[in-house]
Amino acid sequence: MKGKIIGVSLGPGEPELITLKALKALNAADIVYCPATRSGDGTVKSRALDILSQLPVDVEKVRSFHVPMSRNREEALNAYEGVCAEILRQAESGKTVAVTAEGDACFYSSANYMYEKLEQNGFPVEMIAGVPAFIAAGASVGLHVVKQRERLVVVPGDVLVEELLEAVVAKRTLVIMKVPLGEAVLRPFIARHPELQYHYFEQVGTPHEYYTVSSEAILSRVFTYFSVLVIQPA
Ligand code: SAH
């Protein structure tokens, strides 16, 4: 009897923002895989594990795997390959395996590579939806991110000045994720466009949460990876 692989979304950080379906899947699973990053100096961090450890889930069945934080994508892919082979072995032996991802697992998730790989190896992965960070960010301060007929563009960090200007002209709302990746473009843009509204969020739903609408505060901030910038038209 073959087992099952489930892609489980954990939500953006606040443990209560996991869905009931995801929590049930974690409890039903035999093994729960959880991504962690290891930076150059050996420090291991895992947002997924931070969330999992605050949930009523048996920690004994959680296995974190380390993905190197390197510009060399090859190293990360090797790490994913290794863990995928292990997951496939578990599933083939009849186990139910949960593979977690923060926020929504189908929205700019690095786990996507693994889900694809597992599928390619003949194991369909059932996905469970979650709350993406930018949605939680809006709700955390009562910000209606888009309303009525407004349009939304989501940019994963590597923003171009042309697309910012295009959005301004078209009066679109922008959600910039992975803010540090776009800072060379974003900082001068924010300084040049005081007429727009900026909402900058960090670490939403965690004890390190930070929010500001002040351009000066944003410009003097050292951006962190877990940040979202919402730019609304004037
Ligand atoms: N799957 C995730 C996105 C992963 S990409 C989702 O659905 O939200 C990682 C990016 O998500 C970060 O660079 C940041 O822009 C955003 N992010 C994730 N968690 C966050 C949090 N708690 N607070 C602010 N931004 C967060």
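The values are calculated or read from the model by the stated rules, or taken from the named source; none is laboratory data. Everything quoted here is computed from the prediction, not taken from an experiment. All Cβ positions, glycine included, derive from the backbone under ideal geometry; neighbour counts span all protein chains shown.
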Inset, instruction - Mind counting the residues in region 52-79 that are modelled with pLDDT under 95, assigned to a helix (DSSP H, G or I) and under 17 Å from the mean Cα position of the chain (by Cα)? - result: 1
Legend entry - Among (1) under 25 Å from VAL204 (Cα atoms); (2) in a helix (DSSP H, G or I); (3) within 16 Å of the ligand (Cβ to nearest atom), the one test that ALA25 misses: (3)
Legend entry - Output for region 55-70, where each listed residue is more than 29 Å from LEU181 (Cα to Cα), surrounded by 13 or more Cβ atoms within 10 Å (Cβ to Cβ) and either in contact with a Cys (Cβ under 9 Å, 6 or more places away or on another chain) or free of Cβ contacts under 8 Å to residues at least 40 places away in the same chain (or both): VAL57, LYS61, VAL62, ARG63
Legend entry - Single match in ARG149, ARG221, ARG192, ARG172 (criterion: surrounded by fewer than 16 Cβ atoms within 10 Å (Cβ to Cβ), at pLDDT 95 or above and not aliphatic (A, V, I, L, M)): ARG192
Inset, instruction - Might you let me know whether region 133-140 holds any residue that is modelled with pLDDT of 95 or more, touching a Ser or Thr at 6+ places or on another chain (Cβ under 7 Å) and among the polar types (S, T, N, Q)? - result: no
Inset, instruction - Report yes if some residue within region 71-80 is in contact (Cβ under 8 Å) with a residue 24 or more places away in the chain and acidic (Asp, Glu); otherwise report no. - result: no
Inset, instruction - Please work out which one of (1) of a type in the set (Phe, Trp, Tyr); (2) assigned to a helix (DSSP H, G or I); (3) closer than 18 Å to GLY157 by Cβ is the condition TYR108 fails and give its number. - result: (2)
Inset, instruction - May I ask you to list the residues in region 28-50 that are assigned to a loop (DSSP other than H, G, I, E, B), in contact (Cβ under 8 Å) with a residue 24 or more places away in the chain and not aliphatic (A, V, I, L, M)? - result: ASP30, SER39, GLY40
Inset, instruction - Considering each residue of region 82-123, count those that are within 16 Å of the ligand (Cβ to nearest atom), acidic (Asp, Glu) and over 11 Å from the mean Cα position of the chain (by Cα), and give that number. - result: 1
Inset, instruction - For GLY130, state whether it is away from the ligand (no atom under 16 Å from the Cβ), closer than 30 Å to VAL204 by Cβ and either of a type in the set (Asp, Glu) or not in a helix (DSSP H, G or I) (or both). - result: no
